[in-house]
Amino acid sequence: MSKKNLKYPARVLVTKIGLDGHDRGSRIVAAYLRDAGMEVIYTPPWQAIDSIVTLALQEDIDVIGLSSLATDHLIVPDLMKSLKAANLDHIKVIIGGIIPECEHGMLREAGVGEIFEPGAQREEIVDCVAALAAKARQVKQEFEGV
Amino acid sequence: MEQHSKDKERFFKTLKSGNVRTLARAITLVENDVSFVEPLPKQENYSQVIGFTGAPGVGKSTLINSYIDALRKSGRTVAVLCVDPSSPASGGAFLGDRLRMNEHIADPAVYIRSLSARSHLGGLCKNISQIIQVINYTEKWDIIILETVGAGQSEVEIAKIADCKIVVVCPGYGDEMQAMKAGILEIADILAVNKADMPEASHTAKELKSMLQLRPAGARNVPIILTVASQNQGIENLLNSIDALLN
Ligand SMILES: Nc1nc2c(ncn2[C@@H]2O[C@H](COP(=O)(O)OP(=O)(O)OP(=O)(O)O)[C@@H](O)[C@H]2O)c(=O)[nH]1
Ligand SMILES: [Mg+2]
């Protein structure tokens, strides 16, 4: 279903930044994506922004999925800046978890691809990640010409 | 076509220069289509390849994490390829070896890459040799570490690929011993008994030793090394044994 846009499996980094270590949500989303044929690179929580940039670089990531249950999403704009500085702004970032409505605008403005709130459906998430991964792939291919 | 081969030439030049983004891209491209490496020269191997295999959960990733530390202290650069199984139903994969190797993330002399087996049997992924060829080509990584999927009895493909094979076992695996009998023992250059903090470890080591003694006379010496990967114990010993085999 979700592989429709992609000849090869999407590579998705599922991780957490900031101080909150609860990773139940991340695990559920990781399972959704795996069961949709994607390759999920899973890390410990509490990643620093620089670490996420390194992970994305080393693992040739297409999409980054962050889970935020506390206030961790507030540093996402800094992550977006760091990705850009590393020439990785083809990588789309999505956030899932508890994110107050009033902060959505700020996050979208920073370049966040999608925001999923509790109750988001499997299909929704999978389709979104597949579409964003396809876009990222295309940019990479155009950039490198191979 | 003309443009494409120019692009490719440029890409390989960037790869050779040591650019990590390009290395990561190159690995994906080779993973997906093996013909990608055709233009690369088949040169002398630059990197030494060390393989870690063993049953699920014995501590391969944790042991590799400690071993990377020791390698870095000896001044060597390290590329790690960790293979995890893919889901037979969807073809997707949950690649979790990074959970145990997070501490090297800020070290630019350590490159870690998670790979899915993509239904390939044998413990590695289909194009692993060509992925190694790409890393060799950069001439930037002294050591390549391979972690196989949690292996049972038949995942011996690593024997053909690694210069040094470490079979990791841990105490308390009844069927682990079955696996050893069935063949994985034959490929081991070194046996690491990990989780040596558990009381049965010395028993496991003894049992392995007597199994080795059953081999025909003249069989090569296989060191048995006790490690506690989670506490960095026995790692010097492991490093020295591996180095002795490599040189
Ligand atoms: N007590 C003890 N536990 C350890 C030791 N080394 C690793 N572990 C634990 O064993 C569990 C599995 O470790 P991993 O390193 O993920 O094992 P693995 O062989 O890489 O597992 P797979 O890749 O899934 O096959 C983890 O909970 C580790 O913390 C050790 O020396 N002693
Ligand atoms: Mg592992």
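A short reminder: the numbers here are calculations on the coordinates, not readings from a lab. Computed from a predicted model, the values in this text were never measured in an experiment. Glycine gets a Cβ as well: all are built from the backbone with ideal geometry, and neighbour counts include every protein chain shown.
Per residue of the range B:68-73, in order, report the coupling 6.51 cos²θ - 1.76 cosθ + 1.60 (Karplus, θ = phi - 60°) as ³J(HN,Hα) in whole Hz, putting x for Gly and Pro.
For the range B:68-73, the Karplus curve yields 4, 3, 5, 5, 5, 5 Hz.
Per residue of the range B:5-17, in order, report the coupling 6.51 cos²θ - 1.76 cosθ + 1.60 (Karplus, θ = phi - 60°) as ³J(HN,Hα) in whole Hz, putting x for Gly and Pro.
Using θ = phi - 60°, the values come out as 6, 5, 4, 5, 4, 5, 4, 5, 5, 5, 4, 5, 6 Hz.
Starting from the Cα gyration tensor of the protein assembly as shown, take the square roots of the eigenvalues, sort them a ≥ b ≥ c, and report rounded, prolate or oblate (rounded when a/c is under 1.5, otherwise prolate if a/b is larger than b/c, else oblate).
In terms of gyration-tensor shape, prolate.
Would you check the range B:8-84 for Lys pairs whose C-alpha atoms are within less than 24 Å, ignoring same-chain pairs closer than 8 in sequence, and give me the count?
Step by step, the pairs that qualify in the range B:8-84 add up to 5.
At 4 °C and a viscosity of 1.567 mPa s, what translational diffusion coefficient does Stokes-Einstein give for the range A:37-116, taking Rh as the Kirkwood radius over Cα pairs? Give it in µm²/s as a whole number.
D, rounded to a whole number, is 101 µm²/s.
Hey, which of these cross-link pairs are over 30 Å Cα-Cα: A:K135/B:K126; A:K7/B:K6; B:K6/B:K160; B:K6/B:K140?
As for pairs spanning more than 30 Å Cα to Cα, those are B:K6/B:K160.
Name the residue farthest towards the positive end of the dipole of the protein assembly as shown from the options B:Q48, A:Q141, B:F94, assuming +1 on Cβ of Lys and Arg, -1 on Cβ of Asp and Glu, about the Cα centre.
B:Q48
Please list, in chain and number order, the residues 5+ apart from B:L226 or on another chain whose amide H is under 5 Å from its amide H, with Hs placed from the backbone.
Placed amide hydrogens put B:V193 under 5 Å from B:L226.
If you build a Gaussian network model of chain B, linking Cα atoms that sit under 10 Å apart, which residue out of B:L191, B:L226, B:L212 swings the most?
Maximum fluctuation in the GNM of chain B, among the listed residues, is at B:L212.
In debye, nearest 20: dipole of chain A around its Cα centre with unit charges on the Cβ of K, R (+) and D, E (-)?
420 debye
Once you have all Cα-Cα distances for chain B, histogram them in 10 Å bins from zero and send the whole-percent values.
Whole-percent P(r) values from 0 Å outward: 7, 31, 35, 19, 6, 1, 0.
Could you identify which residue out of A:G21, A:G97, A:G105 has the top mean-square fluctuation in a GNM of chain A using Cα springs shorter than 10 Å?
A:G105
Could you tell me which of rounded, prolate or oblate describes the range B:70-116, using a ≥ b ≥ c as the square roots of the eigenvalues of the alpha-carbon gyration tensor, with rounded for a/c under 1.5 and, failing that, prolate when a/b is larger than b/c and oblate otherwise?
Details: a/c = 3.65, a/b = 2.89, b/c = 1.26.
Since a/c reaches 1.5 and a/b is larger than b/c, the shape of the range B:70-116 is classed as prolate.
Under 5 Å between amide H atoms, partner at least 5 residues away or on a different chain: which partners does A:K92 have, H built in plane at 1.01 Å?
Amide H neighbours of A:K92: A:I64.
How far apart, in nm, are two points set 7 Å out from the Cα along the Cα-to-Cβ line at B:K8 and at B:M211?
A separation of 4.6 nm, rounded to one decimal place.
Rounded, prolate or oblate: which one fits the range A:8-144, using the alpha carbon gyration tensor with axes a ≥ b ≥ c (rounded when a/c is under 1.5, else prolate when a/b beats b/c, else oblate)?
Judged from the Cα gyration tensor, the range A:8-144 comes out rounded (a/c under 1.5).
What residue among A:E39, A:E101, A:E59 shows peak mean-square fluctuation when chain A is described by a Gaussian network model with Cα springs under 10 Å?
Residue with maximal mean-square fluctuation among A:E39, A:E101, A:E59: A:E101.
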